[in-house]
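The values are calculated or read from the model by the stated rules, or taken from the named source; none is laboratory data. Given the structure is predicted, the values throughout are model-derived calculations rather than measurements. Cβ placement follows ideal geometry from the backbone for every residue including glycine, while neighbour counts extend to all protein chains displayed. Quick note on the areas: whole protein, heavy atoms, side chains included, nothing else; ligands and nucleic acids left out. Shrake-Rupley method; radii C 1.70, N 1.55, O 1.52, S 1.80 Å.
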Amino acid sequence: MDKRVMVTGATRGIGRELVRQLTVLGYGIFATGRDAALLESLKAETGCAGGVADLSDPEQAVGIYRQAAAELGQVDVLINNAGLNNRKAPVTDIELADWELQYAVNLRAPMLLCREALKEMGERKSGHIVNVVSTIAKTAQPNYAIYSAMKYGFMGFTKCLIKEGREKNVKVTAVYPGGTDTDFRAEQRPEYLSAASAARMIVHCIEAPADVVVHDLTYRPMVESNF
Ligand SMILES: NC(=O)c1ccc[n+]([C@@H]2O[C@H](COP(=O)([O-])OP(=O)(O)OC[C@H]3O[C@@H](n4cnc5c(N)ncnc54)[C@H](OP(=O)(O)O)[C@@H]3O)[C@@H](O)[C@H]2O)c1
């Protein structure tokens, strides 16, 4: 059964909704996040498996993939969803630590996870990797330089992975959600997509018929106009 899914960033927001929706559809889930209490509550709610890892640490990123593969038996679908935008500021105000954290979590960790997954999925000639990018990679605005740089990088990486995956019969999907009302930002944005709606579009890509690969999916709330 091609239904064993690893979801990063599953303790909150889009990732948490992904676990809820995929569990209902019969998928076996290994969920990851940093917040142990939130992860435990998700396990209790959905019956998913999971483990705590700080993805800013490359050893923990690779280690949690190994743990997911061991506990699920294998990872059929990897969803690289974890991410953050901790620093919205002019380039002149950005500190080295801001750059390094966003590189580590938004770009290095998902690249490492893709590498690990593609090795195994490529051997099996089957699998699906879904990378959660952002509509930020389709626009440009002041004060978003670091986050944009990492998401543009992730988009470029994923475009190459789509081609390498194709050679191994591994599906690769880049999703580009627009603004979503989650803990991602301090203020509430009820006019944005709900986390459930953002997750549902990702589920749609995973549930596509076997002879279909969705390479890119861009979706936005109607209020979003920066494209
Ligand atoms: N919200 C938006 O408007 C929006 C729009 C487009 C794309 N996206 C993308 O969608 C993805 C999910 O965002 P969201 O809105 O659901 O955000 P969220 O509610 O803030 O959730 C982010 C998730 O990422 C995890 N995470 C953050 N830093 C981590 C680290 N160092 N190690 C491990 N896990 C870490 C968090 O885990 P803990 O809390 O347990 O640390 C949490 O589960 C991100 O990649 C984001 O860039 C969001």
Item to complete: May I ask you to give the solvent-accessible area per residue for the range 70-136, in square angstrom, as obtained with a 1.4 angstrom probe?
Response: 41
Worksheet item: Sequence-distant or interchain residues sharing an amide H contact under 5 Å with residue 172, placed H: which?
Response: 129
Practice prompt. State the extension gain, in nm to one decimal, for the chain segment bounded by residue 225 and residue 168, taking 0.36 nm per residue of separation less the distance between their alpha-carbons.
Written response: 16.8 nm
Item to complete: Find which of 142, 97, 128 sits farthest along the positive direction of the dipole of the range 51-171, computed with +1 on the beta-carbon of Lys and Arg, -1 on that of Asp and Glu, about the Cα centre.
Response: 128
Worksheet item: Over the C-alpha atoms of the chain, what are the Rg and the largest Cα-to-Cα span, Dmax, in Å?
Response: 16.4, 51
Fill in: Count of lysine pairs in the chain with Cα separation under 13 Å (8 or more residues apart, or interchain)
7
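Based on the Kirkwood radius over alpha-carbon pairs, what value in µm²/s does the Stokes-Einstein equation return for the translational diffusion coefficient of the range 93-227 at 20 °C and 1.002 mPa s?
Roughly 134 µm²/s, to the nearest whole number.
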Worksheet, complete the sentence: The local net charge around residue 223, scoring Lys/Arg +1 and Asp/Glu -1 for residues other than residue 223 whose Cβ lies under 13 Å from its Cβ, equals -1
Fill in: Between the range 29-69 and the range 115-173, the Cα center-to-center distance that results, in Å
21
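Pulled fully out, how much extra length does the chain show between residue 54 and residue 95, if you take 0.36 nm times their separation in residues and subtract their Cα-Cα distance?
12.7 nm is the gain from fully extending residue 54 to residue 95.
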Worksheet entry | Förster radius 22 Å - calculated FRET efficiency between residue 36 and residue 194, Cβ distance, rounded to 0.05 | 0.30
Practice prompt. Mind putting a number on the dipole of the range 3-150 about its Cα centre? Charges go on the C-beta only, +1 for Lys and Arg and -1 for Asp and Glu, and I need it in Debye to the nearest 20.
Written response: 520
Worksheet item: Quick one: of the DSSP bridges fully inside the chain, what percent are antiparallel, nearest 5?
Response: 0
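Quick one: net charge of residue 150's neighbours, Cβ under 14 Å, K/R +1, D/E -1?
Here the count lands on +2.
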Fill in: Average accessible area per residue (Å²) across the range 148-199 - probe 1.4 Å, nucleic acids and ligands excluded
48
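Residue separation times 0.36 nm, minus the C-alpha to C-alpha distance between residue 74 and residue 215: what's the value?
48.5 nm
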Discussion item. Computing the accessible area with a 1.4 Å probe over protein heavy atoms, can you report the carbon and sulfur percentage for the range 4-219?
Written reply: 52
Worksheet item: What's the FRET efficiency of residue 186 with residue 3 using the Cβ-Cβ distance as r and R₀ = 35 Å, to the nearest 0.05?
Response: 0.45
